[in-house]
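Have a look at the structure below, then the notes.
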Amino acid sequence: MSVTVRFAPSPTGRLHVGNARTALINWLFARAHAGRFVLRLDDTDIGRSDEAHVTSIQADLRWLGLDWDLMDRQSAQLPSYHAAFERLREAGRVYACYETPEELEYKRRRLLARGRPPIYDRSALALDDAARAKLEAEGRKPHWRFRLNADVVAWDDLVRGPQHLNAARLSDPVLVRGDGTFLYMLPSAVDDIRHGITHVIRGEDHVDNTAIQIQVFAALGHAAPAFAHLPLLSDLAGKGLSKRLGSVTLDSLAEAGIEPMALAAYLAGIGTAEPPEPAPTLGDLARSFDIGKYGRATPKFDEGQLWHLNARLLQNLPWEAVADRFDAMGMEQADPAFWEAVRPNLERFEDVRSWYTVCYEDILPVIDDPGFARTAADRLPPEPWGQTTWAEWTSELRDATGRKGRALFRPLRLALTAEEHGPELKALLPLIGRRRALERLTALDARTSQGMPPLAHPARMAQAAEPGPGKAAR
Ligand code: GLU
């Protein structure tokens, strides 16, 4: 059997990390099984759907590296929903209801007050033709409910294991509103049939819907697909898909400097027993993908961990993977040696800019002891410079001045880079070159390290400033 899965967002907002995880896991499942991935836009709710979000959802998925074999929109499939509805009506599986929202709310409260579950009482089923005609004459428009069979619905969930859900404890779901528009329940099942969906992988907030939809599939004469329900992400405070997590959108992470492959590896890894590991491509993630690895425990979205993975990913990227980005940023002098030197110190790719300046542009050096800087300048070895230049130079300086360790290296680093910390000077020195090194060590307009703020990359600063999600969450 060939596999077909779908990701079915409602275009009512930007994709956040929770949606992105569902999309990614579906995509990986499809690719791991040489199957198809369908992007379905659940846009029947015209009032809340927005064309701008249709565009942004596609852009965000592409940013993450996900492609789709087919895109469909529910708003383009209304005739098929009407046909399915007629079929259910002929089979006696739908019935017209006339309660107003206020009346339903009143019934609900009364049941709850009596300690009973707030299940719809099916009083509309008891209406005869005359009663219905009378209500319609009063101007009431019917909404339509699906009549559930009071069976135990069972399925073998790929994540949760064997499931048994008694449909008698669910309200008959409304399929069609009073204004004739469809709610999510029926169109989703009709689309899953049309697209030949073999596996529905979605959040566990849909477990009750699954019990209902299994009955809808049967009523339409189709076998139900397989189901996998993933636990929803929570934030570090343990709150479910909270407002805060909902605001961690893909575009905000991209803007803060998260690499798409870092996010993909992170989202694919959390919720499994194995810690997320950086992977070079989505294909690599797909090769090791197994839906059975996802457990029932709530995965915590930890933005600090994501940043950590981002740094590890950057440290492993080869020059070929980034050369184009340097071109695009106009950093023409960047070369493989530069990348090798700076990549261990990046939290985000954007940080290359400051090291580019250190290597190839002008900086204001930091000099506390001009006498020592002068000595260091006098002893700069002649060019050509290479990987051993730093060791030769500093060992000569050690002999000449008696300085060693931090007392030797810190002033040199401050003079050459104007930073307390950074990439290995052994690698930076040949990139800075003799002319610039000499200029910096002998600069008359240098500043001192007094009052220098501790080195802080934006990402690290944001994490320090507030516990939990960093810059991107705000
Ligand atoms: N549009 C629904 C949602 O975003 C789709 C659920 C499903 O995957 O069936 O929750």
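The values are calculated or read from the model by the stated rules, or taken from the named source; none is laboratory data. Every value quoted in this text rests on a predicted model; they were computed, and no experiment measured them. Cβ coordinates were reconstructed from backbone atoms using ideal geometry, including for glycine residues, and neighbour counts include every protein chain displayed. Areas reflect the complete protein model, heavy atoms only, side chains present, ligands, DNA and RNA absent. Shrake-Rupley method; radii C 1.70, N 1.55, O 1.52, S 1.80 Å.
Rounded to the nearest 0.05, what FRET efficiency do T12 and E340 give with R0 = 51 Å and r taken as the Cβ-Cβ distance? Could you check? Show your work: numbers first, answer last.
Details: r = 45 Å, r/R0 = 0.89.
E between T12 and E340, to the nearest 0.05, is 0.65.
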Which of F217, L78, Y266, positive extreme of dipole for the chain (C-beta unit charges): F217
One finds, for V152 and L438 with R0 = 60 angstrom and r their Cβ-Cβ distance, a FRET efficiency to the nearest 0.05 of 0.15
Among 13-24, 83-94, how do they line up from the highest to the lowest mean number of other beta-carbon atoms within 10 Å? 13-24, 83-94
Using the beta-carbon distance between A130 and A323 and R0 = 45 Å, what value does 1/(1 + (r/R0)^6) give for FRET efficiency, to the nearest 0.05? 0.05
Heavy-atom accessible area of the chain with neighbours in place, 1.4 angstrom probe: carbon+sulfur share in percent works out to 52
Angle check, please: helix 51-64 long axis (alpha carbons) against the longest principal axis of the chain (alpha carbons), in degrees 0 to 90, nearest 10. 50
On C-alpha positions alone, give me the angle between the axis of helix 319-328 and the longest principal axis of the chain, in degrees, nearest 10. 90
According to a simple spin-label model (label point 7 Å from Cα along Cα-to-Cβ), what is the distance in nm between A223 and S80? 2.0
Gain on full stretching of the segment that runs from T298 to H164 - 0.36 nm per residue minus C-alpha separation: 46.1 nm
Once the mean 1/r over all distinct Cα pairs of the chain is inverted, what Kirkwood radius in angstroms do you read off? 26.7
Gain in length, R410 to Q333, computed as 0.36 nm per residue apart minus the alpha-carbon separation, to one decimal in nm? 25.1 nm
Fully extended, how many nm does the chain gain between E383 and A59 (0.36 nm per residue separation, minus their Cα-Cα distance)? 111.7 nm
Sorted on mean Cβ neighbours within 10 Å (highest first), peptides 224-232, 202-210 come out as 224-232, 202-210
If I model a spin label as a point 7 Å beyond the Cα along the Cα-Cβ vector, how far apart are those points for A400 and A273 in nm? 6.1
In degrees between 0 and 90, to the nearest 10, how far off the longest principal axis of the chain does helix 17-32 point, with axes built from Cα atoms? 90
What number comes out for accessible area per residue over the range 145-217 if the probe is 1.4 Å? Units Å², please. 35
Averaging over all projection directions, find the projected area of the Cα convex hull of the range 76-171 and quote it in nm² with one decimal place. 9.4
Mean residue ellipticity at 222 nm from the helices of the chain, using -39,500 (n - 2.57) per DSSP H segment of n ≥ 4 over the full residue count, to the nearest 500 deg cm²/dmol? -13500 deg cm²/dmol
